[in-house]
């Protein structure tokens, strides 16, 4: 079966893809204008899906809409965090509830089209990767990206690669698809956007096989709701140093049977 259209061309999707379950974790903060359309697109995927939406303290009416959508087929699991705790906290809350064989992150803002997810899941199903990143920079040039965001991402990714020895082009991408059994062993602690370099560092420390595939990307403006800024870039650089130089605590890392998220509940912060 050919894959959906994406910048890398067409790939033949393995039949085994349709025998695995995929948990799609959707972190959401003030996305009233886009979240329902996004969820409807996700539900068109020909996969065994579990859709987990985590609202991170939205104040624009998103929470009320999600409560209504929870009663439909669009949402399997809805998590409402009591306040705005950050993307990292939202993702960790979603990861904790995931039951699929594979877990994918999907932002709610429609910058990333979920039609690309089957192609990103395929290398894991085929046994070629443990984690797959969707890169915005390995396909045709895309003009919907702020110049300084582009430069900042390149710097962040280059610094991360120097520590992890991975040859990635886009560690800040939303699209991270990971085997759930591996994901559960990663001691994730970040609350903010620094979850992106932390996931990359932890995957490298676990010696996971991480590959990239090209994706399409349709960036929005700050007026339209784009949230990440230069301060997040500075925090990401600091996080790369923290997560790669300090590394995970030895006791945590040596006990793969324990649940690292139980140490600090992302919903309560305790």
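No value in this document is a laboratory result; all are computed from the given coordinates. Not measured: the values here are computed from a predicted model. Neighbour counts run over all protein chains shown; Cβ positions are idealised from the backbone, glycine included.
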Whole-angstrom gap from the stretch 50-94 to the stretch 151-225, using each part's C-alpha centre: 22
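Cut-off is 10 Å between beta-carbons; in what order do 28, 174 appear when sorted fewest neighbours first? Intermediate values should be presented prior to the final figure.
Values: 28 30, 174 21.
Final ranking by Cβ density, sparse to dense: 174, 28.
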Ordering of 102-108, 30-36 by burial proxy (mean other Cβ atoms within 10 Å per residue, highest first): 102-108, 30-36
Tensor-based shape of the stretch 15-255 (alpha-carbon gyration tensor, a/c under 1.5 rounded, otherwise prolate or oblate): rounded
Neighbour-count order for 58, 160, 206, 83, fewest beta carbons within 10 angstrom listed first: 83, 206, 58, 160
Two-site FRET efficiency, residue 43 against residue 246, from Cβ-Cβ distance with R₀ of 41 Å, rounded to 0.05: 0.50
Gyration tensor (alpha-carbon) shape descriptor, the stretch 83-221, a/c threshold 1.5: rounded
The stretch 22-77 - Rg and Dmax from Cα coordinates, angstrom: 10.6, 33
Order of 44, 164 - criterion: other Cβ atoms within 10 Å of each residue's Cβ, fewest first: 44, 164
The stretch 15-255 - share of DSSP beta bridges that are antiparallel (%, nearest 5): 20
